[in-house]
Amino acid sequence: MAVKTIAGVQVNLTEEGYLEDMNQWSEEIAKEIAKEIGIELTPKHFEVLNYLREKTIAKENLTIRGVGKSGIVDIKELYVLFPKGPLKFSSKIAGIPKPTSCI
Amino acid sequence: MPIIEPNKTKLLTMKNLLILGAGTSGTMMANHLRHKLYKDQWKITIVDQYKTHYYQPGFLFLPFDIYTEKQVKKVGKKFIPKDVVYIQKKIEQIFPEENKVQLEDETLYYDVLIVATGSKIAPEETSGLLGPLWKKDIFDFYTYEGALALRDKLRNWEGGKLVVHITEMPIKCPVAPLEFSFLADDYFRKKGIRDKVDITYVTPLSGAFTKPTCTTALNYLLKEKDIKIEIDFAIESVDNETKEIVDFADRRIPFDLLVTIPTNMGDEVIAKSGLGDDLNFIPTHHNTLQSLAHENIFVIGDATNVPASKAGSVAHFAAETLTDNILLYIDGYPLKKEFDGHANCFIETGNNKALLIDFNYVTEPVHGNFPFAKFGPLKLLKESVFNHWGKMAFRWIYWNMLLKGIAIPFVSRNMSFKGKVFDIKPEK
């Protein structure tokens, strides 16, 4: 665990740069993390991020399929918004835990 | 004054506990509960449309001729206690508001329902997967038929590009595709054609190992076995003409032989009954295993949406908590929020070695000894021959202990921290 200041706020990050506590998240923090990845956030990005956060709070599983059926974007558009790792990068920017398998 | 015979009163007050699905979870619950519920108060019924009970972990070994057909299947009824009514019929629909389940030609009413309908592959979810190459150059090993067809293919295959591919998460036994890749490396080495086979592991996740401790401890395995990896690959379609899998960003990976894990979904009866999420898994309380929508419906095993591995070992630990909770529910007590997502799995790494991992919802696999803190004899997160024999012995344990609800000695339902060593520093 590491402490880092993002957008003027001290946050706890995992070794892989994901927020430890999704409640520390803000739109400003999202913009900063996205910038490091090389993504400029648009309102469409935020719609996806908010959807992911809502699902996480509701303890529902996050899948690319789910985002594709969310009515916000289809999977192709998700790839355009978050190239090269849609779920990996969108979850990092949304301040939610990294999607994992069992090992 | 009418005279009511004593056994008639019993019939009038007799309650019904209904279990849907006689797979690993359903069978275990029937065995646990028959020993705990009074026979003159509770009638237990279990329904499954299939006659055969498969030892699903064995499907990993069938393609490589390590197990035979006979070793992975038995008649399911053999494992159901004789005081449990076993109905071999198709389930049409659950009506949760009316506490009833419609079978193909009869209706069953319940006081308590346990849904254990599992998960299965849905290859039709991926465009082109069921095209002309299906069962010719494209195979699954998550079904008995698929594993056998793949075995027949491998027996005569002379080499080329082998692609082992996961469509999307969650899948049953998330580590099986990786084990398949390790066993394939071993299989082709022993056949003397490893130099003619190019193995690529394709995952929608960001690595073969997604948990930091595992990445650090196990990444050497891929290198050692010369397995290439493609990450963040979310498949859009299979191109049957060019023999490539294509993702949503138009990345293409060519194959001569594709071994794919199709989308896994819960049973269609769940969708039909309006009980599931978009993959037909039932929203379930992570720690009590009660359905979130109906208090007299409980869910166990692969049918739930809980973020634990879809695996028999998880179901085994879950069954112990669920048994207690059913008894508490019946007597009107609050449920135990006890289940922690505990999993304990052997992972075959080839060459007669295996790893053992022990983890739960929140704790990553770690190093250590298992089940005894000082002596082991099994080593966690390290390859050993002993672990491999543990996995081989597990088939016997499954048929003779696990299904019958006999607790495995020294292995507790919740993850224990004794003998665990938190020494792995994840790489940045």
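Just so you know, all these numbers are worked out from the coordinates, no wet-lab data involved. No experiment lies behind these values; they were computed from the predicted model shown. With ideal geometry, Cβ positions are generated from the backbone for all residues, glycine too; neighbour counts draw on all protein chains shown.
Hey, what did chain B get for relative contact order, percent, Cα under 8 Å, at least 6 apart?
RCO, chain B: 16 percent.
Counting residues in the protein assembly as shown as N, plug N into 2.2 N^0.38 Å and put the Cα Rg over that result.
1.00
Given the range A:26-94, what whole percent of its Cα pairs are spread farther than 14 Å?
Above the 14 Å cut-off, the range A:26-94 has 52 percent of its Cα pairs.
How many angstrom lie between the C-alpha centres of the range B:332-353 and the range B:399-420?
9
Is the range B:115-226 rounded, prolate or oblate when judged by the Cα gyration tensor, a ≥ b ≥ c being the square roots of its eigenvalues, rounded requiring a/c under 1.5 and prolate requiring a/b larger than b/c?
Judged from the Cα gyration tensor, the range B:115-226 comes out oblate (a/c at least 1.5, b/c at or above a/b).
Farthest toward the dipole's positive end in chain B, which of B:41, B:392, B:114, given Cβ charges of +1 (Lys, Arg) and -1 (Asp, Glu) about the Cα centre?
B:392
How many angstrom lie between the Cα centre of the range B:252-295 and the Cα centre of the range A:52-99?
Their Cα centres are 18 Å away from one another.
Around residue B:267, under 15 Å between beta carbons, what's the net of Lys plus Arg minus Asp minus Glu among the other residues?
Local charge sum for residue B:267: -3.
Output the pairs from B:191/B:211; A:92/B:211; B:120/B:225 with a Cα-Cα distance over 22 Å in this structure; if there are none, say none.
B:191/B:211; B:120/B:225
Suppose every Lys and Arg Cβ carries +1 and every Asp and Glu Cβ carries -1, with no other charges. What dipole size does the protein assembly as shown come out with about its Cα centre, to the nearest 20 debye?
The dipole of the protein assembly as shown has a size of about 1960 debye.
Show me, bin by bin at 10 Å from 0, the whole-percent P(r) of the range B:66-171 based on Cα pairs.
P(r) over the range B:66-171, rounded to whole percents: 10, 29, 28, 23, 10, 2.
Give me the net charge for the shell around residue B:88: Cβ to Cβ below 11 angstrom, other residues only, Lys and Arg +1, Asp and Glu -1.
+2
What is the packing order of peptides B:65-75, B:390-400, B:144-154, B:302-312, taking the mean over residues of other C-beta atoms within 10 Å and listing the highest first?
Top to bottom by mean Cβ count within 10 Å: B:302-312, B:144-154, B:390-400, B:65-75.
May I ask you to give the average projected area over all directions of the convex hull of the Cα atoms of chain B, in nm² rounded to one decimal?
For the Cα atoms of chain B, the hull's average projected area reads 22.8 nm².
Count the DSSP beta bridges whose two residues both fall in the protein assembly as shown, then state the antiparallel fraction as a percent rounded to the nearest 5.
The answer is about 55 percent antiparallel.
So how tilted is helix B:212-224 from the main axis of chain B? Cα-based, degrees 0 to 90, rounded to 10.
50
For B:106-118, what's the mean count of beta carbons from other chains sitting within 10 Å of each residue's beta carbon?
Per residue, the number of nearby Cβ atoms from other chains is 0 on average.
Between beta-carbons, use under 15 Å as the cut-off and find the net charge around residue A:19, counting Lys and Arg +1, Asp and Glu -1.
Computed value for this residue: -2.
So what's Rg/Rh here for the range B:306-428, counting alpha carbon atoms and using the Kirkwood radius for Rh?
Computed over Cα atoms, the ratio is 1.00.
Which value, in debye to the nearest 20, describes the size of the charge dipole of the range B:41-141 about its Cα centre when Lys and Arg Cβ atoms bear +1, Asp and Glu Cβ atoms bear -1, and nothing else is charged?
In debye, rounded to 20, the range B:41-141 gives about 600.
Just tell me which lysines come within less than 16 Å, Cα to Cα, of residue A:69; anything on the same chain fewer than 8 places away is out.
Cα-Cα hits under 16 Å: A:44, A:55.
How many angstrom lie between the Cα centre of the range B:360-395 and the Cα centre of the range B:187-203?
The two parts, judged by their Cα centres, are 27 Å apart.
Based only on other Cβ atoms within 10 Å, what is the fewest-to-most ordering of B:322, B:130?
B:130, B:322
Could you work out how far helix B:144-156 tilts from the main Cα principal axis of chain B, as a 0 to 90 degree angle to the nearest 10?
Roughly 20 degrees, rounded to the nearest 10.
Of the beta bridges DSSP finds with both residues in chain B, what % are antiparallel, to the nearest 5?
50
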